[in-house]
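So the structure is just underneath, and the comments pick up after that.
The values are calculated or read from the model by the stated rules, or taken from the named source; none is laboratory data. The shown structure was predicted, so the numbers you read here are calculated from the model rather than taken from an experiment. Cβ placement follows ideal geometry from the backbone for every residue including glycine, while neighbour counts extend to all protein chains displayed.
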Protein chains: 2
Amino acid sequence: MSDRDPQTIGANAGRSRRHNRQVVLGHVHRAGAVGRAQIARDLGLSTQAVSNIIAELEGEGLLRATGRRVAGRGLPVVQYALNPTGAVALGIEVRPDAVLATAVNLDGTALFKARHTVTSADPETVLEIMPGLRDRALESAGVSASKLLGAGVVMPGPFGMRGFSEGVSDLPGWQNSNAEALFGQALSLPVAVENDANAAAVSERVSGVARGFESYAFLYFGAGLGLGVVTGGRLLRGARGNAGEVGHIPVASEKGPVPLESRVSRLSARHHLAAAGIEADSIGDIESLYAARNPVLLDWLAQTVQPLSLAVQTIENLFDPQAIVFGGALPSGLIAEMIGGIQLADTSVAARPDRVGPRLLQGATGRITAAVGAAALIINQSFTPQIGPPH
Amino acid sequence: MSDRDPQTIGANAGRSRRHNRQVVLGHVHRAGAVGRAQIARDLGLSTQAVSNIIAELEGEGLLRATGRRVAGRGLPVVQYALNPTGAVALGIEVRPDAVLATAVNLDGTALFKARHTVTSADPETVLEIMPGLRDRALESAGVSASKLLGAGVVMPGPFGMRGFSEGVSDLPGWQNSNAEALFGQALSLPVAVENDANAAAVSERVSGVARGFESYAFLYFGAGLGLGVVTGGRLLRGARGNAGEVGHIPVASEKGPVPLESRVSRLSARHHLAAAGIEADSIGDIESLYAARNPVLLDWLAQTVQPLSLAVQTIENLFDPQAIVFGGALPSGLIAEMIGGIQLADTSVAARPDRVGPRLLQGATGRITAAVGAAALIINQSFTPQIGPPH
DNA sequence: TCGATTAACTCAACTAAGTTGAGTATCCCG
DNA sequence: CGGGATACTCAACTTAGTTGAGTTAATCGA
């Protein structure tokens, strides 16, 4: 969101320590349970440095010792793991008609959920309810303010983009504002703002099928279609935070190139159903239709195969991901069927003889609520080194 | 290339200093000429720290003072700029039939060029000639070995990918080797290995139209078609270094989806010309045909408009780049015409009302030889912070 | 069974590097 | 021509990682 490349900043003792804390936490997150000497080797630090950092993190409740493990010779390793209840992150989803909030701990479990209906999602209205929301979340979750790492915010394109789907409209009043700064000020917390697809992608990394992945893509079914891309452990933002607008990419159809979103999105399903006289406004509607294996819905599903296969081939070749994860606001069975139907190309860079693991995965978190994904943005930050501004 | 995320490493005093040196160099590179206090403010360091680092860099000949500049009140700023002759990088291109080498200094000018024909580009043959090539380069360029930053290597897919075009074949014997380590050992230097498109992209950042860009894409016309993507100042590599295989993405045509490369690449031009009985095996052939405005070639050019426009729309929406740069082994005028013909979509995230600068650019370095691009990889590294392994 | 070996970890002294604050030089402004 | 502003230097200080010498606790082998 900021104009300045976060990497373009100098290092000093304090920032190095922050970096090392994050790197250690991230390593423990990936490993599950490790000893200090192992961490030191893996991170290129001295055991002593790791010991100091771990003592600090344990003191703050972020890590906990999980006992000694005897492995061959030598002193048995004292293993450390994340303490899931050691910290929480706030997740906030701003919709045109409501603000949803959640509090999530380090392993991704939600401790609190709230919905606040608004008549208008303009900055003033939304920011006004923030402090109250934060305090209620802390109280309900039963954690002290000192354990609150920050707040993630998911909102539709305040990034000056023009949506293809009319259904995905910008929120009013946010266009020329620095949402990150505004929320940060209102909450007195570090804040990360992203779109729903990016949040969902990160969520799978924190506690989902992409745990341990450094490079993957998440195809997110919201109202439109979004793509959250992680490369080298970081979200791909692009020049203006608008990367991953996969719904707008042209795919071949019998009528020539059409935007992917016009064939593959909840909105397109709704249109398809409406043409057959079936109303399906909510996700629940689609869920029941799918449960009943409604032929019109299955017909829609069938026509997604071709454009989706083309999109997958494009994504694989441009990003070379470890896998593409599918998820979002569609019935889980439907997504599974979708994945099963896709024809994987063997002229893709993903079709290596030595590849491990499937090329397509279904998101583990099921229908991730965007607010939980928002919170995951913050959790992920504490695992991800960033010699950068101290917020 | 390495399996480990370079970011996942701890910081200490030495690595912080390296980081800061790189960050300072990069800042000076972008700014052209700046004072120490300004750098300190921009990088979040103390003036003193920047002074120390600059003294060190000046002592090594990487920076030079360009005089005082009086700007308003206060002590006039002592400005510093890169000293182009302060360091050199080796650039090496490995082709099936030859090894090309160059030595390039900090502003991207080539000081040495050599071509070494080989009967087979297998590892043994190629690595054997490396030390001699390095020494010849140093001698011809008239620089001491201490000024040699490292070597960049460009080679076609040693990354285990399967090319679409038969013309782009893997080099024999490199498939299961760690090219970076092998070259590093042979040359006793830090080495970076990339494909031609990535090298070309970085080259434009070091001394081309992408100077100062943090996020852009380079569409490279080699034998096939490649895409080098830079985001957040770093090359996008993907899980296995194969990101950017834009030639394989499917684009709509009258016959349904076809790989982009089958319509837009030098090879496709050759096929097109061959079908009309015209032989154009070399780049020179295409150059003369273009100079003569050969109708068959122009016909080929015309048919690239539609697929290229679709590809541009895809790239813009997935990467949200500041711009897409076009370049490679095609006549400069032809590339210019190509850019002019492309129909830019306004449903793209690049079509913002507040955008500055053109969406498409022509590479400044003309027909970048891959070897020069290879050297740029190393130059770019010295401008780019990387708390990571010391090579 | 018991000493040798191995490995994890701690303690205390050391070192690298950035920060802080006082002081100096040089310009502009009124 | 004095006061304010800005860049820069010097020297003392602080933070945090490293080094090397122990200590503890396990396995291995004679």
Give region A:251-273 a look and list any residue that's crowded, with 24+ Cβ neighbours inside 10 Å and within 11 Å of chain B (Cβ to nearest Cβ), or say none.
A:VAL251, A:PRO259, A:LEU260, A:GLU261
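So which of B:ALA375, B:ALA276 is of a type in the set (A, V, I, L, M, F, W, C) and surrounded by fewer than 24 Cβ atoms within 10 Å (Cβ to Cβ)?
Of B:ALA375, B:ALA276, the one residue that is of a type in the set (A, V, I, L, M, F, W, C) and surrounded by fewer than 24 Cβ atoms within 10 Å (Cβ to Cβ) is B:ALA276.
Looking at A:ILE342, A:ILE335, A:ILE378, which one is within 14 Å of another protein chain (Cβ to nearest Cβ), of a type in the set (Val, Ile, Thr) and either within 21 Å of A:LEU235 (Cβ to Cβ) or touching a strand residue (DSSP E or B) at 6+ places or on another chain (Cβ under 7 Å) (or both)?
A:ILE342
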Is region B:227-234 home to any residue that is modelled with pLDDT of 95 or more, more than 9 Å from chain A (Cβ to nearest Cβ) and not in a loop (DSSP other than H, G, I, E, B)?
yes
Exactly one of B:ALA137, B:ALA110, B:ALA101, B:ALA141 is over 22 Å from B:SER177 (Cα atoms) and either crowded, with 21+ Cβ neighbours inside 10 Å or of a type in the set (Lys, Arg) (or both), and that one is B:ALA137
Examine region B:188-203 for a residue that is modelled with pLDDT under 95, more than 14 Å from every other protein chain (Cβ to nearest Cβ) and assigned to a loop (DSSP other than H, G, I, E, B), and state whether such a residue exists.
no
Out of (1) over 30 Å from B:LEU62 (Cβ atoms); (2) modelled with pLDDT under 95, the odd one out for B:GLU128 is which?
(2)
Can you confirm whether A:ALA223 is part of a loop (DSSP other than H, G, I, E, B) and surrounded by fewer than 24 Cβ atoms within 10 Å (Cβ to Cβ)?
yes
So B:ALA65 clears everything in (1) near DNA strand D (Cβ under 8 Å from one of its atoms); (2) in a strand (DSSP E or B) except one condition, right? Which one?
(1)
Tally time: how many residues in region B:25-38 are more than 8 Å from DNA strand D (Cβ to nearest atom), crowded, with 19+ Cβ neighbours inside 10 Å, assigned to a helix (DSSP H, G or I) and more than 8 Å from chain A (Cβ to nearest Cβ)?
3
Regarding region B:52-66, can at least one residue be identified that is within 12 Å of chain A (Cβ to nearest Cβ), touching a helix residue (DSSP H, G or I) at 6+ places or on another chain (Cβ under 7 Å), surrounded by 13 or more Cβ atoms within 10 Å (Cβ to Cβ) and touching a residue at least 60 places away in the same chain (Cβ under 8 Å)?
no
Quick one: in region B:39-48, which of the residues that are more than 26 Å from the chain's Cα centre (by Cα) and within 7 Å of chain A (Cβ to nearest Cβ) is nearest to DNA strand C (Cβ to nearest atom)?
B:LEU45
Is there a residue being of a type in the set (S, T, N, Q) and exposed (fewer than 13 other Cβ atoms within 10 Å of the Cβ) anywhere in region B:303-319?
no
Exclusive hit being under 22 Å from A:ILE378 (Cα atoms), of a type outside the set (Gly, Ala, Ser) and within 10 Å of DNA strand D (Cβ to nearest atom), set A:ILE53, A:ILE92:
A:ILE53
Quick one: how many residues across region B:260-308 are assigned to a helix (DSSP H, G or I) and among the charged types (D, E, K, R)?
6
Yes/no for A:VAL24 being farther than 30 Å from B:VAL28 by Cβ and within 11 Å of DNA strand C (Cβ to nearest atom):
no
Which ones in region B:51-76 are more than 11 Å from DNA strand C (Cβ to nearest atom) and among the polar types (S, T, N, Q)?
B:THR66
